[in-house]
């Protein structure tokens, strides 16, 4: 996505490359949608509960993607709302404790999500 955006802005793109890139981006968009969890947020397998880090990354990914491909803003808004609801009272984010695992400590996760 970012490469396509760069090639467009630098006027170095050919119609063939643009068409091919748009095909790949559309396939990726369709695939990414399968990971959305009902009620907002994203997970590895698209099943509840959603994952804080993956949901934050999805927002980043879809925001970037919107520069070169139509993105339904409602999907980003659902993920933002869900992610906001996961924020702890001290302002931090961390994975649910019942999962028994996390990718990173609470401070690192909060920095990434914010």
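Read-outs throughout are calculated quantities, based only on the coordinates presented, and are distinct from any laboratory measurement. Fair warning: this is a prediction, and the values are worked out from it, not measured in the lab. Heads up, the Cβs are rebuilt from the backbone with ideal geometry, glycines too, and the neighbour counts pull from every protein chain shown.
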Being closer than 21 Å to residue 108 by Cβ, assigned to a helix (DSSP H, G or I), without any contact (Cβ under 8 Å) to a residue 40 or more places away in the chain and touching a helix residue (DSSP H, G or I) at 6+ places or on another chain (Cβ under 7 Å), is that true of even one residue in the stretch 70-79? no
Tally the residues that are under 11 Å from the mean Cα position of the chain (by Cα) and either in a loop (DSSP other than H, G, I, E, B) or exposed (fewer than 14 other Cβ atoms within 10 Å of the Cβ) (or both), restricting the search to the stretch 1-59. 3
Residue 35 fails exactly one of the following numbered conditions: (1) on the phi > 0 side of the Ramachandran plot; (2) in contact with a strand residue (DSSP E or B) (Cβ under 8 Å, 6 or more places away or on another chain). What is the number of that condition? (1)
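The rows are residues; the columns are (1) more than 23 Å from residue 60 (Cβ to Cβ); (2) without any contact (Cβ under 8 Å) to a residue 24 or more places away in the chain.
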| residue | (1), (2) |
| --- | --- |
| 4 | no, no |
| 9 | no, yes |
| 14 | yes, yes |
| 25 | no, no |
| 29 | no, no |
| 32 | no, no |
| 35 | no, yes |
| 38 | no, yes |
| 43 | no, yes |
